[in-house]
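Reading through the structure tokens given below for one structure.
The values are calculated or read from the model by the stated rules, or taken from the named source; none is laboratory data. It should be emphasised that the depicted structure is a prediction, and the values quoted were computed from it without experimental measurement. Counting neighbours? That spans all protein chains shown, and the Cβs are built from the backbone with ideal geometry, glycine included. Quick note on the areas: whole protein, heavy atoms, side chains included, nothing else; ligands and nucleic acids left out. Shrake-Rupley method; radii C 1.70, N 1.55, O 1.52, S 1.80 Å.
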Amino acid sequence: MPFQARKSLSKSPFPEVASSGASLAESAKRRLKLWDISDDQIRALEESGQSRKTLTLYSPFTGFVLEKSAYKGMSVMPGMALFKLADLSVVWLYADIYEYELPFIRLGQQASIQLNYLPGEIITGRVIYIYPSLNPETRTAKVRFEIPNPHDKLKPEMYANVEIKVHLGQRLVVPVGAIIDTGIRQLAILDKGNGYFEPREVKAERIDEYYEVMKGLKAGERVVTSANFLVDSESNLKAAVSGMAGMPGMNHESHGK
């Protein structure tokens, strides 16, 4: 054993022999540390002077065993995962954020998180990563939240609802039903009064149950808030707008007479 060799060789009157024993012991100690053998275990080997066939490998952190792939007598190769451990005192939550909501998400934002099995209880987390790509089917991007979990209430694979409050200041908004959005263009129907209506193309961004209007409307203008029942596609939109031409206020020539 290298540690016994160091003791015996250190008594040699030849400096070269004594130093070789110390070098051999240090080499063995470095190798054990690379195998994640603790200092206490190495110290116990030095003090006992006894060889051991097995040594205990301790987890580098406290947590739960999520997967166990090792069993007695199996052959182990370098890089093979034998156990999967997780420290659940802090957990990650992945939320699907709609495409139109992404401009309002920032790193470090606080979020309120609720779970169905903990009704009324709100847990706070923060945004730590925004994924750079979207799911082409759901048009959502994943956002990762970090959440303290001191009492292990949050467990892997649970579902949760996430709410982020964003202060947007004063904006021009209309109810979501006031905008006809075909995916190609957006339209609002203005109420001009006395049964007269005017279609107007706008540029708007949806925020929850409202649209923020960036172009096409002014504060104070009245809009029809149930306009979406008219159309469900660009072709129907054209038919609806052309059909409105015969209504009062929609045909400027007849209105002038």
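Table for the structure above
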{"quantity": "Among residues of region 85-128, those that are over 21 Å from GLU209 (Cβ atoms), modelled with pLDDT of 90 or more and small (Gly, Ala, Ser), counted", "calculated": "2"}
{"quantity": "Test: residue in region 130-142 that is without any contact (Cβ under 8 Å) to a residue 12 or more places away in the chain and under 22 Å from GLN110 (Cβ atoms)", "calculated": "no"}
{"quantity": "Residue ID - least open to solvent (accessible area, probe 1.4 Å), chosen from residues in region 48-72 that are among the β-branched types (Val, Ile, Thr) and closer than 24 Å to SER89 by Cα", "calculated": "VAL65"}
{"quantity": "Residues that are exposed (fewer than 10 other Cβ atoms within 10 Å of the Cβ), more than 17 Å from PRO103 (Cα to Cα) and of a type in the set (Gly, Ala, Ser), drawn from region 118-140", "calculated": "GLY120"}
{"quantity": "Selection count where residues are under 17 Å from LYS153 (Cα atoms), of a type in the set (Ser, Thr, Tyr), open to solvent by 50 Å² or more (accessible area, probe 1.4 Å) and in contact with a Lys or Arg (Cβ under 9 Å, 6 or more places away or on another chain), scope region 88-114", "calculated": "1"}
{"quantity": "Residues (open to solvent by 60 Å² or more (accessible area, probe 1.4 Å), charged (D, E, K, R) and closer than 16 Å to ALA219 by Cα) located in region 172-191", "calculated": "none"}
{"quantity": "Matching entry among ASN161, ASN194, ASN236 (being of a type in the set (S, T, N, Q), surrounded by fewer than 16 Cβ atoms within 10 Å (Cβ to Cβ) and modelled with pLDDT of 85 or more)", "calculated": "ASN161"}
{"quantity": "Residues of region 194-227 classified as on the phi > 0 side of the Ramachandran plot and in contact (Cβ under 8 Å) with a residue 40 or more places away in the chain, total", "calculated": "2"}
{"quantity": "Residue within region 156-174 that is assigned to a strand (DSSP E or B) and among the hydroxyl-bearing types (Ser, Thr, Tyr) present", "calculated": "no"}
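Yes/no per residue for (1) farther than 30 Å from VAL176 by Cβ; (2) among the hydroxyl-bearing types (Ser, Thr, Tyr):
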| position | (1), (2) |
| --- | --- |
| VAL76 | yes, no |
| ALA81 | yes, no |
| ASP87 | yes, no |
| SER112 | no, yes |
| TYR117 | yes, yes |
| TYR129 | no, yes |
| SER133 | no, yes |
| LYS142 | no, no |
